[in-house]
Amino acid sequence: TLMATAFFGYVLPWGQMSFWAATVITNLLTAIPYLGTTLTTWLWGGFSIDDPTLTRFFALHFILPFAIISLSSIHIMLLHNEGSSNPLGTNSDIDKIPFHPYSSYKDTLMLSIFITLLFIILSFSPNIFNDPDNFSKANPMVTPQHIKPEWYFLFAYGILRSIPNKLGGTLALVMSIGILLTTPFTHTSHVRSMTFRPFTQFMFWALIATFTTITWTA
């Protein structure tokens, strides 16, 4: 949900890079046999990316954060009802402390720091995360030299570009994101922490190294 919200927001400036990023990513639907072209036309609201596409992407970019807030609220509620794990994997009831003032002050501090950083960036360097190509007006007749997604999509984009077959690349991209959803179902050990599990530590750092390498390469 978060990645979808970010993608829809990336399209909204309607500059050259936003336009072509939307074109390339939504075009991946055409890799689906039989239904691909119909689905793409349905998503675009026409036979090419135009005002209807921008309107529906804006609507989704506005609505999806409310879904994120709802899911986060459920997560926090369950966390406070059930409690979190600890490095030993033992019962944490004896270690519980009142939420206020301890956790409430801690959360307020982090929130204040993040909001302060956000306002500093907005005030002094508002274009620091922008792509220079996005200052050019969107032109469907001219393709940018390099179509670059945002940095947090680079690992998926690198996997997509590394496979010459369109359908294969699209499936690999979807699976590289979809596999993250399997984590709660595959982590079945009674010991939740990696502290005393060297093999799990190796697997975790191998994942981080792979993610970093693919992101850098892309």
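Taken over the stretch 87-102, the residue count meeting the criterion of being part of a helix (DSSP H, G or I) and touching a residue at least 12 places away in the same chain (Cβ under 8 Å) is 1. Of the helices (runs of 4 or more DSSP H) lying entirely inside the stretch 5-86, the ones with 3 or more residues being in contact with a Ser or Thr (Cβ under 6 Å, 6 or more places away or on another chain), closer than 21 Å to Tyr152 by Cβ and at pLDDT 90 or above are found at 51-82. Candidates Ser85, Ser18, Ser73: the one that is surrounded by fewer than 12 Cβ atoms within 10 Å (Cβ to Cβ) and of a type in the set (S, T, N, Q) is Ser73. Within the stretch 190-218, residues that are at pLDDT 95 or above have Cβ atoms under 7 Å from residues that are exposed (fewer than 14 other Cβ atoms within 10 Å of the Cβ) and part of a helix (DSSP H, G or I) in no pair, counting only partners at least 6 apart in sequence or on another chain.
Which ones in the stretch 165-188 are exposed (fewer than 11 other Cβ atoms within 10 Å of the Cβ) and over 17 Å from the mean Cα position of the chain (by Cα)? Scanning the stretch 165-188 gives Asn165, Pro184, Phe185, Thr186, His187, Thr188.
The values are calculated or read from the model by the stated rules, or taken from the named source; none is laboratory data. Keep in mind that this is a model prediction, so the values were computed, not measured. Cβ atoms come from the backbone with ideal geometry, glycine included; neighbour counts cover every protein chain shown.
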